[in-house]
Every structure is written in structure tokens, then in C-alpha cells.
1. With everything on Cα atoms, drop me the angle between helix 2-32 and the longest principal axis of the chain, reported from 0 to 90° to the nearest 10.
2. With just the Cα atoms of region 49-105, tell me how far they stretch along each of the three principal axes, in Å, largest first.
3. Cα centroids of region 38-60 and region 70-105: how far apart, whole angstrom?
4. Describe numerically, in nm with one decimal, the distance between label points set 7 Å from Cα along Cα→Cβ at ILE69 and at ALA15.
5. With a 1.4 Å probe and all protein chains left in place, how much of the accessible area of the chain comes from carbon and sulfur atoms, in whole percent?
6. What accessible area per residue comes out for the chain, rounded to a whole number of Å², with a 1.4 Å probe?
7. Looking at the square roots a ≥ b ≥ c of the eigenvalues of the Cα gyration tensor of region 26-82, which shape do they give, rounded for a/c under 1.5, prolate if a/b is larger than b/c, or oblate?
8. Taking the alpha-carbon distance from LYS8 and a cut-off under 18 Å, which lysines remain once sequence neighbours fewer than 8 residues away in the same chain are dropped?
Amino acid sequence: MNVLANVKNIVYMGALIVLAVMLMLCLLRAVLGPRVADRIVAVNMMGTIVMVMIAILAVKMEEGYLVDICLIYAMVSFLSVIVITKVYMGVYRERKRIRRKEKDV
């Protein structure tokens, strides 16, 4: 039984380490991404990875309140991506309108 607990801990920690590396790579894409769409997708993926990490910690630590935090984080992450996308679309439309005016003049 003790061996099984050790194996579970190793698997959980391994998964957390892999997710942490993926999170850093997403952060790199969010900073360097050539287009705004790449940055938005990277931020969305970072939110998803953090939610998975919180869920793994909830199982590992056997704490139910972490699942509630994960759900709240999911809602906030979803809303933030929607707001960022709306702002980007507004900026894109404004730039497109300005380019049209410059061509007409």
C-alpha cells in the first residue's frame, strides 16, 4: 500500500512538472507570438493548464475547496479571453477603417 502511495505521488509530481514546463512555453508564446491571435490562444491555454494543475493538486492534497477555486478560475479565465478578444476585434476594425480612409484620400 505504501508503494502505491509513493507511485501516485511520483506521477502527480511528474504531471505537475510537465505542466509547469508547458506553462512556461505558453508564456513564451504569449510574449513573443508574432500575431495577436497567437497571444490570445497562448493566454487561453495558460488558463487551461493552470486549471489542470489546480485539479491535480486538489486530488493530491485531498482538499475539496481547490475544486471550487478551479471552477472560479475557469470562469475568470473564460471571461478574460472573451474581453481580450473583444478589445482586439475593436482595435482591428478601427485600423481597418483608418486604412480605408487613407486609401480613399
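1. Value to nearest ten degrees: 10.
2. Principal-axis extents of region 49-105 (Cα, largest first): 66, 14, 6 Å.
3. Measuring centre to centre over Cα atoms gives 22 Å.
4. 1.7 nm
5. On the way: 5780 of 8080 Å².
The computed percentage sits at 71.
6. Values: 8080 Å² over 105 residues.
Averaged over the residues of the chain, the accessible area is 77 Å².
7. Working: a/c = 5.42, a/b = 2.15, b/c = 2.52.
Oblate is the answer for region 26-82, as a/c is 1.5 or above yet b/c matches or exceeds a/b.
8. Within reach: LYS60.
The values are calculated or read from the model by the stated rules, or taken from the named source; none is laboratory data. In this text, all values refer to a predicted model and were calculated from it rather than measured experimentally. With ideal geometry, Cβ positions are generated from the backbone for all residues, glycine too; neighbour counts draw on all protein chains shown. Only protein heavy atoms, including side chains, enter the accessible area calculation; ligands, DNA and RNA are left aside. Shrake-Rupley method; radii C 1.70, N 1.55, O 1.52, S 1.80 Å.
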